[in-house]
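The values are calculated or read from the model by the stated rules, or taken from the named source; none is laboratory data. Here the structure is a predicted model, which means the values were calculated and not measured. Methodologically, a virtual Cβ is constructed for each residue, glycine included, from the backbone with ideal geometry; neighbour enumeration extends over all protein chains shown. Quick note on the areas: whole protein, heavy atoms, side chains included, nothing else; ligands and nucleic acids left out. Shrake-Rupley method; radii C 1.70, N 1.55, O 1.52, S 1.80 Å.
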Amino acid sequence: MPTVSIVYFSGGGHTAAMAEAVASGARSVADTTVNLLRIEGKDIHEGRYKNAAVLDTLTASDAIIFGSPTYMAGPAGQFKCFADATGGIWFQQQWLNKLAAGFTVSAGASGDKLGTLQYFFLLSQQHGMA
């Protein structure tokens, strides 16, 4: 049974709504387990994300979907703290060949969301994800 995990930060609720929609779509695939993992500010200590349970859940997943609002042409700082915390996972290549995807939302009508999507792509490629 494949497992899809959606890890996201939401500042005002819009990204959370998108995460729920992504989860709903993933759940519509028969025999798929879906984990919805919200990045919480309480898990960030002195600029470092610390939630071993979330990281373990992601490592055990077949696919990881990243989500963050776009702030100033990139992902929210809370998401960046999470991403920085995956260095040990990268070092051990624990996400190698996992499927990756991402989504974002912003109030800007400009192309600022592209920066966040590129960030997700680069993060996934550093981890060797497909």
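Side notes on the structure shown:
- Criterion violated by F82 - all others in (1) part of a loop (DSSP other than H, G, I, E, B); (2) closer than 20 Å to G12 by Cα; (3) of a type in the set (F, W, Y) satisfied: (1)
- Lone qualifier among G111, G115 - being more than 13 Å from the chain's Cα centre (by Cα), open to solvent by less than 40 Å² (accessible area, probe 1.4 Å) and of a type outside the set (S, T, N, Q): G115
- Total residues in segment 11-48 satisfying the condition of being open to solvent by less than 30 Å² (accessible area, probe 1.4 Å), more than 21 Å from V105 (Cβ to Cβ) and not in a helix (DSSP H, G or I): the figure is 1.
- Condition met for T59 (without any contact (Cβ under 8 Å) to a residue 60 or more places away in the chain and touching a Ser or Thr at 6+ places or on another chain (Cβ under 7 Å)): no
- Counted residues, segment 1-10 - those being modelled with pLDDT of 95 or more, assigned to a loop (DSSP other than H, G, I, E, B) and of a type outside the set (F, W, Y): 2
- Figure legend. Inter-residue proximity from segment 103-130: first residues within 18 Å of A16 (Cβ to Cβ), second residues open to solvent by 90 Å² or more (accessible area, probe 1.4 Å), beta-carbon distance below 8 Å, spacing 6+ or different chains. Indicated pairs: V105/H14; S106/Y71.
- Filtering V34, V7, V29 for residues that are closer than 19 Å to T116 by Cβ and among the aliphatic types (A, V, I, L, M) leaves a single hit, V7.
- Criterion: open to solvent by 50 Å² or more (accessible area, probe 1.4 Å) and touching a residue at least 24 places away in the same chain (Cβ under 8 Å) - qualifying residue of Q92, Q78: Q78
- Within the set L122, L99, the sole residue that is open to solvent by 30 Å² or more (accessible area, probe 1.4 Å) and either closer than 19 Å to P2 by Cα or touching a His at 6+ places or on another chain (Cβ under 9 Å) (or both) turns out to be L99.
- Cross-chain or 6+ apart pairs with Cβ under 7 Å, segment 21-36 first and without any contact (Cβ under 8 Å) to a residue 24 or more places away in the chain and farther than 19 Å from F9 by Cα, then surrounded by 11 or more Cβ atoms within 10 Å (Cβ to Cβ) and not charged (D, E, K, R): R27/V34
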